[in-house]
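Peer 1: My structure is below; once you've seen it, I'll send some questions.
What follows is calculated from the coordinates using simple rules that are stated; it is not laboratory data. Just so you know, these numbers come straight off a predicted model, no measurement behind them. Ideal geometry is used to build each Cβ from the backbone, glycine not excepted, and the neighbour counts take in all protein chains shown.
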Amino acid sequence: MDTDVALAHRLARDIDAAFPALVAAHQDRLFTIAFRLLGERRDAEEVAQDALVRAFRAMHDYPKNRVAALRLRPWLASIAVNLARNRRRRIEDRHPPTSLEPLVDAGYDPAADGRGSPGTAADRRETQRELAAALLRLTPAVRSAIVLRHVDGLSVREVAEALGRPEGTVKAQVHRGLRELRAILESSPQPAVRATEPTARAARLVPALEAVR
Amino acid sequence: MTVLARSDTALESALADLRVEAPASVGFSALVDAGLADRYASIDTPLGAVFVAWNGRGVSWVAPATDPPAFEDRFRTTLGRDIAPADELPARLASAIARRLDGDRRVRIPLDLRGHTPFEVAVWTKALEIPRGEVRPYGWIAAEIGKPKAVRAVGTALAHNPVPLVVPCHRVVRSDGMIGQYSMGGPDAKRRMLAAEGLDTRVLETEAAAGIRFIGSDTTHIVCHPTCRDARRVTARHRIPFTSLSAAASAGYRPCLHCRPVSLASAA
């Protein structure tokens, strides 16, 4: 992206002066990536903030020509994905995946409120809720490929760069991800449970969820 | 949902629709961590409520808690960075400041002193060595940092201390022993702060007015700054006042190794 090339050059010249522009340009997408990978807003906020700060510190330490040559979109995405992965592992260590919070969280999108006519907004919110929940049922590797390719909108080449995987692998994972999402959505309504494989305990929670409705 | 399931295109555009806006705090917090913006909160001190500003590099600014917009304006104009209020200081920072105000000189508090000269930083660092409840003259700082003639510059540097209380510039007084100026509310605030640290400022100023600059003990033949903890242990009977270090030297007194009194003959 041309604007990112210009921004990388400005960062190389004077990182303190140019960094606020990087924050303004990338905070929403880094938050989105973290949110769609993790399903929880609080975790996503911390990951996005941390990713920006780590990028700042790394660029401080890099030689100027390396900063100027950075492809910011995939580079920043890779930082966010790595931080999200570490955080997901910590979360799973802390409390095994039985919580229902991500379901509520993943579907809640204040930005969607009040857009379009009331009926359309509600439909759209419902679609987003189901799709976000379905994303969380993909395996982490497939999920990260899908989120970077189709939510964030990186090219296959950029996703491959961000995830450190061959382009062929990314293509296959994106393909598989779309197929699995479709399968999940076709078998809905069936609540997704969490960012990991369903467990026996989670499966027991499904009827409880249905009852709440 | 079957609508989405029907085609990859519909599914892909629905995925693109999952983009959300980051809460404003995300970007601002990143700027704070990077030291490109600051937050502030108020703490209680012997001088009343005080605003402390900080960023990822450390404490950047301390000022009396006036009305927030005026404080923020002054911060932005002076430091050229954005600032936003926080509910409270980070817990570790709050307890470190509390411990330092209680006289713990070992506690480390990171400071953001970008944009200041090495001379200013040397002056402030030296002021940190003055124990709670004691004072030293500007000339002492000048001598200790190896610039014995820069007494006025020391005074100026202390007046520009961006982090008063955290760097205890209130413990530095005029070389004639009088209390001197203070950025946190003038001489009265300085007296209040020193009194809160257990120093009797009336005695300090009375003795200074009488020309007393040093106190010796006729049992140890050691001469100190009047507020040095060693000088304050000397009983009235053995307490010998001196108007200059040379007078003390010719009476056979040697300088205290703790407060390291220096000749202030040339000092302003």
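Peer 1: Percent relative contact order of the stretch A:1-90, based on C-alpha pairs within less than 8 angstrom and at least six residues apart?
Peer 2: Details: 87 pairs, mean separation 36.5, N = 90.
For the stretch A:1-90, the relative contact order is 41 percent.
Peer 1: Enter the angle in degrees (range 0 to 90, nearest 10) between the Cα long axis of helix B:68-79 and the first principal axis of the Cα atoms of chain B, meaning the one along which they spread out most.
Peer 2: With both axes taken from Cα atoms, the answer is about 80 degrees.
Peer 1: Over chain B, what is the percentage of antiparallel beta bridges among all DSSP beta bridges, to the nearest 5? It would help to have the intermediate numbers written out before the result.
Peer 2: Numbers: 20 of 30 bridges.
The antiparallel proportion sits near 65 percent.
Peer 1: Still on this structure, please answer the following. Please give me the summed charge of the neighbours of residue B:144: other residues whose Cβ is under 10 Å from its Cβ, Lys and Arg +1, Asp and Glu -1.
Peer 2: Residues close to residue B:144 contribute a combined charge of +3.
Peer 1: Ranked highest first by the average count of other Cβ atoms within 10 Å around their residues, in what order do B:72-83, A:41-52 fall? If you can, show how the numbers build up before the last one.
Peer 2: Details: B:72-83: 15.4, A:41-52: 23.3.
Ranked by mean Cβ neighbours within 10 Å, highest first: A:41-52, B:72-83.
Peer 1: List the extent of the Cα atoms of the stretch B:211-255 along each of their three principal axes, largest first, rounded to whole Å.
Peer 2: 23, 20, 16
Peer 1: What do you get for the angle between helix B:24-33 and the principal long axis of chain B? Use alpha-carbon atoms, 0 to 90 degrees, nearest ten.
Peer 2: Once rounded, the angle reads 40 degrees.
Peer 1: Something else about it: Count, for each residue of A:141-152, the Cβ atoms from other chains sitting within 10 Å of its Cβ, then give me the mean as a whole number. Could you put the intermediate results ahead of the total?
Peer 2: On the way: counts 0, 0, 0, 0, 0, 3, 2, 0, 2, 8, 8, 4.
What the average comes to for A:141-152 is 2.
Peer 1: Around residue B:85, what is the net charge, scoring Lys/Arg as +1 and Asp/Glu as -1 over all other residues with Cβ under 9 Å from its Cβ? Don't skip to the end; give the middle numbers.
Peer 2: Details: positive: B:39; negative: B:72, B:87.
So the environment of residue B:85 carries a net charge of -1.
Peer 1: Å³ per residue of the Cα convex hull, for chain B? Please report the intermediate quantities before stating the final value.
Peer 2: Numbers: hull volume 41.0 nm³, N = 268.
Measuring per residue, one finds 153 Å³ for the Cα hull of chain B.
Peer 1: If you average the alpha carbon positions of the stretch A:155-182 and of the stretch A:4-61, how far apart do those two centres end up, in angstrom?
Peer 2: Between the Cα centre of the stretch A:155-182 and that of the stretch A:4-61, the gap is 23 Å.
Peer 1: About the Cα centre, and with charges only on the beta carbon of Lys, Arg (+1) and Asp, Glu (-1), how big is the dipole of the stretch A:1-94? Nearest 20 debye, please. Working shown, then result.
Peer 2: Working: 18 positive and 13 negative charges, 57 e Å.
The calculation lands at about 280 debye.
Peer 1: With Rg and the Kirkwood Rh both taken from Cα atoms, where does Rg over Rh land for the stretch A:1-94?
Peer 2: Details: Rg = 13.6 Å, Rh = 13.5 Å.
Dividing the radius of gyration by the Kirkwood radius yields 1.01.
Peer 1: I'd like the isolated cysteines in chain B, meaning no second cysteine's beta-carbon lies under 4.7 angstrom from theirs.
Peer 2: B:169
Peer 1: How crowded by other chains is A:41-47, given as the mean number of beta carbons from other chains within 10 Å of each beta carbon? Spell out each step's value before the answer.
Peer 2: Details: counts 3, 0, 0, 4, 5, 2, 1.
Per residue, the number of nearby Cβ atoms from other chains is 2 on average.
Peer 1: By how many nm would the segment from residue B:209 to residue B:88 lengthen if fully extended, with 0.36 nm per residue of separation less the alpha-carbon distance?
Peer 2: Working: separation 121, 0.36 × 121 = 43.56 nm, distance 4.29 nm.
Once the chain is fully extended between residue B:209 and residue B:88, it gains 39.3 nm.
Peer 1: With the cut-off at 30 Å, tell me which of the pairs A:64/B:126; B:149/B:190; B:126/B:190 have Cα atoms farther apart than that. Working shown, then result.
Peer 2: On the way: A:64/B:126 36 Å; B:149/B:190 25 Å; B:126/B:190 18 Å.
Violating the 30 Å Cα-Cα cut-off are A:64/B:126.
Peer 1: Tell me the net charge near residue A:175. Cut-off is 15 Å between Cβ atoms, residue A:175 excluded, with +1 for each Lys or Arg and -1 for each Asp or Glu. Don't jump to the answer; show the numbers that get you there.
Peer 2: Details: positive: A:143, A:149, A:165, A:171, A:176, A:179, A:182; negative: A:167, A:180, B:8, B:12.
Summing Lys and Arg as +1 and Asp and Glu as -1 gives +3.
Peer 1: Right, next: Residues of B:8-15, mean number of Cβ from any other protein chain within 10 Å of their own Cβ, rounded to a whole number? Display every interim value, and only then the final one.
Peer 2: Numbers: counts 6, 0, 2, 10, 7, 1, 9, 15.
Per residue, the average neighbour count from other chains is 6.
Peer 1: Next up: Please give the FRET efficiency for residue B:13 paired with residue A:61, using the beta carbon to beta carbon distance and R0 = 41 Å, rounded to the nearest 0.05. Show your work: numbers first, answer last.
Peer 2: Values: r = 40 Å, r/R0 = 0.97.
Once the sixth-power term is evaluated, E becomes 0.55.
Peer 1: Could you work out the helix-only [θ] at 222 nm for chain B, with each DSSP H run of four or more residues adding -39,500 (n - 2.57) and the total divided by the number of residues, to the nearest 500 deg cm²/dmol? Let's see the in-between values first.
Peer 2: On the way: 12 runs with 104 residues, N = 268.
It lands at -11000 deg cm²/dmol.
Peer 1: Would you please classify the overall shape of the stretch B:24-101 from the alpha carbon gyration tensor, given that a ≥ b ≥ c denote the square roots of the eigenvalues, rounded means a/c under 1.5, and beyond that prolate means a/b larger than b/c while oblate covers the rest? Mind dumping the intermediate values first?
Peer 2: Values: a/c = 1.92, a/b = 1.26, b/c = 1.52.
Oblate.
Peer 1: Work out how far the C-alpha atoms of the stretch B:118-206 reach from end to end along every principal axis, then list the three figures in whole Å, largest first.
Peer 2: Extents along the principal axes: 32, 25, 20 Å.
Peer 1: Right, here's the next one. Report the relative contact order of chain B, percent, no decimals, based on alpha-carbon pairs under 8 angstrom and at least 6 residues apart. Intermediate values should be presented prior to the final figure.
Peer 2: Numbers: 400 pairs, mean separation 34.9, N = 268.
This gives 13 percent for chain B.
Peer 1: Given points 7 Å out from each Cα along the Cα-Cβ axis, report the residue B:235 to residue A:121 separation in nanometres with one decimal.
Peer 2: Here the modelled spin labels are 8.4 nm apart.
Peer 1: Based on other C-beta atoms within 10 Å, arrange B:113, A:148 from fewest to most. Before the final figure, lay out each step's value.
Peer 2: On the way: B:113 20, A:148 31.
Fewest-to-most ranking of B:113, A:148: B:113, A:148.
Peer 1: So, one more: Size of the protein assembly as shown along its principal axes in angstrom, Cα-based, largest extent first?
Peer 2: 102, 52, 40 Å, listed from the longest principal axis down.
Peer 1: Still on this structure, please answer the following. Show which aspartates and glutamates lie in cross-link reach of residue A:171 when reach means a straight Cα distance below 13 angstrom and same-chain residues fewer than eight apart are skipped.
Peer 2: Straight-distance partners of residue A:171: A:158, A:161.
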